[in-house]
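Bear in mind these aren't lab numbers, they're just calculated from the coordinates by the rules spelled out. Everything quoted here is computed from the prediction, not taken from an experiment. Cβ: placed from backbone, ideal geometry, glycine included. Neighbour counts: every protein chain shown.
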Amino acid sequence: MIPAQFDYVRAKTLDEALSLLAQSEDAKILAGGHSLIPAMKLRLAQPQLLVDIGRIKDLTYIREENGKIRIGATTTHYDIESSDLLKKICPLLPECAAHIGDVQVRNKGTIGGSLAHADPAGDWPAAIIALKAELVAVSKKGERTINADDFFVDLLTTALEPGELLREIRINKSNGRTGQAYVKMPHTASGFAVVGVAADVLMDGNSSCQEASIGITGVSAKAYRAAGVESALTGRKLDEQTAADAAAKAANDVEVNGDLFASADYRRHLAAVYTRRAITAATQRAR
Ligand SMILES: Cc1cc2nc3c(=O)[nH]c(=O)nc-3n(C[C@H](O)[C@H](O)[C@H](O)COP(=O)(O)OP(=O)(O)OC[C@H]3O[C@@H](n4cnc5c(N)ncnc54)[C@H](O)[C@@H]3O)c2cc1C
């Protein structure tokens with residue numbers, strides 16, 4: 001339970017953090033520390049240098065600009081959970097944040113750290129995928145934008161390159177009759193998602209689904225968009241039968257995890273149940 005030796009620098013600016021990351025291949029970013037420190041204590045991670053970005057003020061913000069929601073990487077889960085702006089314009093984000101761990105975890109853990117960590121049972125990936133977010137990565141070489149669909153590559157693996165820092169999450173503000181929901185079956189001990197489903201639906205004047213976006217976490221090695229569910233909803237009247245038929249496709253085309261807590265068959269079943277609940281809740285909110 002004692003980590004290997006490491007050096008520690010608290011970066012004062014983003015530029016200082018990027019320079020430190022560029023200098024050492026064995027450096028790791030420290031944000032809230034709620035995933036990295038436990039991994040270091042188990043020696044699953046043994047970075048030689050920790051670059052603490054937790055005090056870089058201009059990485060913590062929630063803004064609405066030109067139809068886009070912009071969230072800085074070190075914004076904590078609690079900042080998002082308690083944001084009046086987000087409750088109004090993107091309620092899926094505060095709802096998802098409220099499901100994460102406990103108060104202590106939400107006060108320290110950051111959205112950027114959670115996304116970069118890419119835990120297969122983490123909550124944020126489902127919401128970020130469902131919202132079709134763009135993730136802004138920056139390094140000494142410059143800046144680039146990665147679509148949420150392309151960001152999660154595999155178990156604990158993202159599209160971030162060595163030396164890159166996730167700086168910002170950008171989400172298009174929704175227009176029209178939209179409804180959003182995040183539902184989750186938490187692991188009873190850790191609180192992580194056995195299954196977590198985020199739904200964002202856009203309805204037309206006849207209560208038919210114009211567009212649906214469904215992000216699922218906990219089921220497979222990485223969070224994914226449930227394309228089969230989305231196409232089964234699009235163009236249909238959003239009633240209980242449509243939701244149930246579409247939700248049955250929740251774990252199609254993915255390799256489903258099985259473990260001591262939930263077998264693959266049980267998880268597949270839960271994926272359908274929670275997807276139906278997410279669609280139903282999102283639909284009710286869009287009305
Ligand atoms: C008891 C407990 C319960 C929890 N329950 C849940 C839960 O129910 N749901 C859930 O989703 N999570 C849960 N978590 C995890 C929690 O949400 C963490 O906060 C989160 O996974 C990591 O965020 P962090 O800011 O602590 O990142 P850190 O631990 O500081 O970093 C995690 C990883 O991301 C990298 N990193 C951090 N920031 C950046 C960045 N800006 N750019 C690039 N790389 C970066 C680090 O180098 C490290 O590899 C729980 C954690 C604990 C300890």
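Okay, here's what the table says:
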| read-out | value |
| --- | --- |
| Euclidean distance of C-alpha centroids, segment 15-76 and segment 207-266, integer Å | 32 |
| Max mean-square fluctuation residue, GNM over the chain, Cα-Cα springs under 10 Å, options 172, 252, 206 | 206 |
| Relative contact order computed over segment 41-163 (Cα-Cα under 8 Å; 6+ residues apart), in percent | 16 |
| Gyration tensor (alpha-carbon) shape descriptor, segment 56-184, a/c threshold 1.5 | rounded |
| Value of relative contact order over segment 89-242, rounded to a whole percent, pairs C-alpha under 8 Å and six or more apart | 25 |
| Lysines whose Cα lies under 23 Å from that of residue 249, excluding same-chain neighbours fewer than 8 positions away | 132, 184, 222, 237 |
| The chain, relative contact order [Cα under 8 Å, separation at least 6], % | 15 |
| Per DSSP, loop GluC sites (Glu not before Pro) in segment 216-280 with at most 13 further Cβ within 10 Å | 255 |
| Most mobile of 98, 232, 39 in a GNM of the chain (Cα contacts under 10 Å) | 39 |
| Ascending count of other beta-carbon atoms within 10 Å, so fewest first, for 158, 145 | 145, 158 |
| Proximal lysines to residue 141, defined as alpha-carbon separation beneath 24 angstrom and excluding residues fewer than eight positions away on the same chain | 12, 28, 57 |
| Percent of beta bridges antiparallel (DSSP, the chain, rounded to nearest 5) | 85 |
| Between helix 14-23 and the chain: long-axis angle, C-alpha atoms, 0 to 90°, nearest 10 | 70 |
| Ratio Rg/Rh [Cα only; Rh per Kirkwood] for the chain | 0.98 |
| 0 to 90° range, to nearest 10: angle between helix 264-286 axis and the chain longest Cα axis | 70 |
| Only Lys, Arg (+1) and Asp, Glu (-1) charged, at Cβ; segment 126-189 dipole about Cα centre in debye | 320 |
| Two-decimal log10 I(q)/I(0) for segment 132-287, as the Debye equation yields it once each C-alpha is a single scatterer, q = 0.09, 0.14 Å⁻¹ | -0.32, -0.74 |
| The chain - mean residue ellipticity at 222 nm from DSSP helices (-39,500 (n - 2.57) per run, n ≥ 4, rounded to 500) | -9000 deg cm²/dmol |
| Cα gyration tensor shape of segment 1-127, rounded if a/c is under 1.5, else prolate or oblate by comparing a/b with b/c | oblate |
